[in-house]
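J.: The structure under discussion is supplied below as structure tokens; questions concerning it will follow.
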Amino acid sequence: MNTQRTPFVGSNWKMNTNAQEGFALIDAIGGLMQDGGVDVAVFPPFPYLMGIGERIKGGILLGAQDIWHNGNGAFTGEVSAEMLNDCGVNTVLTGHSERRHVIGESDELVNLKTKRVLESGLTAVLCIGELLEEREAGETDAVNERQIRAGLAGISEEQLGKVVLAYEPVWAIGTGKTATPEDAQNAHAAIRALICGMYSPAAGGAMRIIYGGSMKPSNAGELMAMTDVDGGLIGGASLKADDFYGIIEAARGSLVG
Ligand code: PEP
């Protein structure tokens, strides 16, 4: 990790927990938190956002797993930026692999949602990453480039300051398989070079690029020791407060180590 960039560590609860479990989890994480050094966000399911927001402490940011790209109106089942703001949400995931590959979101829809997040003053965690067959075909960097160019279309360099990129190889998400630190570093370095070319060296240098895919306390340190790995987006391991906190500590450790 480069110490010029504040690490970002996110906890994606996906469609897990009930209200009681969610409250217990946020209380436990809040109880462990120590000040400074790392931006920490939790992404609970929509129905629990307000309740979690009321209990959140220790500087943890409240995040949403999705957003709809229009303002309030006739979009049954969707959730607007206005509603997320109302709930105290600060950060929104866009382009998560489950939304792309299970729900069927296109690059264009991911772009509309990302723009909406930024226009609403929120931070976007734009997720990208290749499928196993794309990796095996040597297409990792090309897939990341396509998803980044499409996802960031129409987004200015100023807006880019509120974007975190999450490189999440799809084959590593929820599978227990993790990219090696070297593979993650190679992908992250290519992503940073792309941002430098698309915007400017300053924008590329400032961009936080986090890794997601079966990150846990035992592998977080070696991943985040890589120059271009600026934190993590964590699913399974973040449902246990101690494990999630262990990853936060690894992020903090990578700043001094
Ligand atoms: C994720 O959902 O973004 C993720 C990385 O999940 P997991 O940590 O379970 O692989």
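The values are calculated or read from the model by the stated rules, or taken from the named source; none is laboratory data. Note that the structure is predicted; figures quoted are calculated from it, not measured. Here the Cβ is made from the backbone with ideal geometry for all residues, glycine too, and neighbour counts use every protein chain on show.
J.: Please give the number of the condition A203 fails out of (1) in a helix (DSSP H, G or I); (2) closer than 20 Å to R146 by Cβ; (3) within 14 Å of the ligand (Cβ to nearest atom).
T.: (3)
Residues checked against (1) in contact with an Asp or Glu (Cβ under 9 Å, 6 or more places away or on another chain); (2) crowded, with 20+ Cβ neighbours inside 10 Å:
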residue	(1), (2)
E130	yes, yes
Q147	yes, yes
E158	no, no
V163	no, yes
E168	no, yes
G176	no, no
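J.: Could you check the range 218-229 and list, in sequence order, the residues that are more than 12 Å from the ligand (Cβ to nearest atom) and not polar (S, T, N, Q)?
T.: G221, E222, M224, A225, M226, D228, V229
Residue by residue, here is whether (1) exposed (fewer than 15 other Cβ atoms within 10 Å of the Cβ); (2) modelled with pLDDT under 95 holds:
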| site | (1), (2) |
| --- | --- |
| N2 | no, yes |
| D35 | yes, yes |
| P44 | no, no |
| P47 | yes, no |
| G51 | no, no |
| I60 | no, no |
| I67 | no, no |
| G73 | yes, no |
| T76 | yes, no |
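For every residue, the table says whether it meets (1) modelled with pLDDT under 95; (2) closer than 21 Å to A203 by Cβ.
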site	(1), (2)
L118	no, yes
G121	no, yes
A124	no, yes
E133	no, no
R149	no, yes
A153	no, yes
G161	no, yes
E168	no, no
G174	yes, no
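J.: How many residues does the range 230-247 hold that are within 14 Å of the ligand (Cβ to nearest atom) and crowded, with 20+ Cβ neighbours inside 10 Å?
T.: Qualifying residue count, the range 230-247: 9.
J.: Count, please, the residues in the range 126-139 that happen to be touching a residue at least 24 places away in the same chain (Cβ under 8 Å) and over 22 Å from T114 (Cα atoms).
T.: 2
J.: Name the residues in the range 193-218 that are buried (at least 22 other Cβ atoms within 10 Å of the Cβ) and free of Cβ contacts under 8 Å to residues at least 40 places away in the same chain, would you?
T.: M215, the sole residue that qualifies.
J.: Is it the case that E182 is within 29 Å of G121 (Cβ to Cβ), surrounded by fewer than 21 Cβ atoms within 10 Å (Cβ to Cβ) and more than 15 Å from the ligand (Cβ to nearest atom)?
T.: no
J.: From the list T123, T91, exactly one residue is in contact with a Leu (Cβ under 6 Å, 6 or more places away or on another chain), within 27 Å of R192 (Cα to Cα) and either surrounded by fewer than 19 Cβ atoms within 10 Å (Cβ to Cβ) or of a type in the set (S, T, N, Q) (or both). Which is it?
T.: Among T123, T91, only T91 is in contact with a Leu (Cβ under 6 Å, 6 or more places away or on another chain), within 27 Å of R192 (Cα to Cα) and either surrounded by fewer than 19 Cβ atoms within 10 Å (Cβ to Cβ) or of a type in the set (S, T, N, Q) (or both).
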